[in-house]
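Just so you know, all these numbers are worked out from the coordinates, no wet-lab data involved. Because the structure is a prediction, the values reported are computed rather than measured. Please note: Cβ atoms are built from the backbone with ideal geometry, for glycine as well, and neighbour counts cover all protein chains shown.
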Amino acid sequence: MSIMVIGGAGYIGAHVVRLLTERGEDVVVVDDLSTGVEDRVGGATLVELDVAGTDAQERLELVMRQRGVDSVIHFAAKKQVGESVERPTWYYRQNVGGLVNLLSAMENTGVVRMIFSSSAAVYGMPDVELVTEETDPRPINPYGQTKLIGEWLMADCGQSWGLRWSALRYFNVAGAGWPELGDPAVLNLVPMVLDRLARGERPRIFGDDYETPDGTCIRDYIHVLDLAHAHLAALDQLDGEASGRIFNVGTGTGASVREVIDEIGRASGLDVAADVEPRRPGDPPRLVASPERIADELAWKAEHGLPEIVASAWAAWQAGPRPVRVG
Ligand code: UFG
């Protein structure tokens with residue numbers, strides 16, 4: 001039997017593909033290569049296909065039958081908050097429409113195991129020290145809405161035709177498990193700072209007047225390799241009784257924007273003196289996971305802290321090729 005990894009040529013997906021291949025699984029990657037890179041899938045088969053495309057369902061069914069797929073890990077989605085606010089219909093078409101195509105293909109071919117990439121974006125602006133999976137999800141942008149709808153849709157399919165699924169709510173993913181698998185986009189804090197430094201510019205801090213100890217926003221940074229391992233643990237759990245479980249994937253420890261930038265200075269030896277700019281709309285001051293449920297139920301915990309995250313991102317950055325600036 002084989003595992004279909006949709007979005008397996010992307011940043012996080014490629015890490016999961018590498019781990020699955022290493023443990024001897026038969027992996028088929030489905031990716032439209034819009035942000036994914038072909039080289040990243042290693043020995044896995046690559047099928048070039050956009051899950052939100054018009055003929056996607058039929059094509060997915062064909063691959064599922066031909067390859068004897070019994071599980072799906074679904075990464076392929078759009079993930080830029082600002083873009084989702086500007087183009088909501090397109091975001092729903094990509095993220096919800098793509099998932100509808102995939103679930104329809106699974107239902108028709110009898111594939112009932114699925115791991116879904118959800119996001120801490122479902123929580124919006126939570127007013128708690130540590131966010132648990134019981135914290136009310138109140139997304140504040142279309143991107144976060146599409147992820148929450150994805151969870152609901154899978155729950156309904158679980159009821160109706162026996163889909164066995166888990167959703168992983170990622171916190172702030174960074175770093176690289178292998179230097180050649182660094183984040184290929186300049187969208188998040190660590191690559192954005194590295195990109196500024198590479199161009200001889202000062203890093204930017206979006207607001208230093210938040211009610212946090214140093215005034216900058218706090219996030220829960222999770223090493224992409226730890227996150228990749230969480231997917232394997234979640235997949236293996238579907239062999240047992242559990243289904244429909246939602247897990248935060250974070251460390252339980254927050255770091256501020258200034259702390260991250262200082263860590264980049266330590267790892268790189270560069271001068272990281274930053275410019276303070278106005279707040280970015282929609283940024284919660286603090287977003288840190290309670291990682292208790294995933295520790296209890298999947299026996300998973302993060303093995304790497306901020307220094308390793310930043311050092312591995314820096315090593316990947318130096319190994320090149322340079323990431324692409326998006327948006
Ligand atoms: N930031 C800066 N300077 C930069 C880039 C970012 O100060 O150059 C700040 C942001 O304002 C924010 C923090 O660094 O306070 C982290 O920003 P990111 O853009 O790296 O990540 P976010 O926390 O905004 O977003 C992440 C994911 C989203 C997801 C969200 C959930 O990238 O997909 O978490 O809240 F929606």
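Some values worked out for this structure:
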{"read-out": "Residue order, fewest to most beta carbons within 10 Å, for Asp208, Asp156", "value": "Asp156, Asp208"}
{"read-out": "For Leu19, Leu197, order by how many other beta-carbon atoms lie within 10 Å, fewest first", "value": "Leu19, Leu197"}
{"read-out": "Reach of Lys147 by Cα under 17 Å, taken over lysines that are not fewer than 8 positions away in the same chain", "value": "Lys78, Lys79"}
{"read-out": "Sorted by Cβ neighbour density within 10 Å, fewest at the top, the residues Ser34, Ser2, Ser119", "value": "Ser34, Ser2, Ser119"}
{"read-out": "Expected-Rg normalisation [2.2 N^0.38 Å, Cα atoms] applied to the range 97-136", "value": "1.69"}
{"read-out": "Helix-only mean residue ellipticity at 222 nm for the chain, each DSSP H run of n ≥ 4 adding -39500 (n - 2.57), per residue, nearest 500", "value": "-11500 deg cm²/dmol"}
{"read-out": "Length gained when the stretch Arg87-Glu129 is fully extended (0.36 nm per residue, less Cα-Cα span)", "value": "11.9 nm"}
{"read-out": "Radius, Kirkwood style, for the chain when every pair of distinct Cα atoms is counted (Å)", "value": "20.0"}
{"read-out": "Gyration tensor (Cα) of the range 201-327, equivalent ellipsoid semi-axes in angstrom", "value": "30, 19, 13"}
{"read-out": "Convex hull volume per residue in cubic angstrom - Cα atoms of the range 164-274", "value": "124"}
{"read-out": "In degrees, nearest ten, helix 11-22 long axis to first principal axis of the chain (Cα)", "value": "60"}
{"read-out": "Surface/4 estimate of mean projected area, convex hull on alpha-carbon atoms of the range 1-142, nm²", "value": "9.4"}
{"read-out": "For the range 177-193 versus the range 124-165, the gap between their alpha-carbon centres in whole angstrom", "value": "26"}
{"read-out": "Principal-axis tilt of helix 189-198 within the chain, Cα atoms, nearest 10 degrees", "value": "60"}
{"read-out": "Gain upon complete extension [Thr109, Gln66; 0.36 nm per residue less C-alpha separation]", "value": "14.4 nm"}
{"read-out": "Longest to shortest principal axis, alpha-carbon extents of the range 87-215, angstrom", "value": "53, 37, 30"}
{"read-out": "Peptides 159-167, 254-262, 278-286 ordered by average Cβ neighbours within 10 Å, highest first", "value": "254-262, 159-167, 278-286"}
{"read-out": "Separation between Cα centres of the range 206-270 and the range 1-26, rounded to whole Å", "value": "21"}
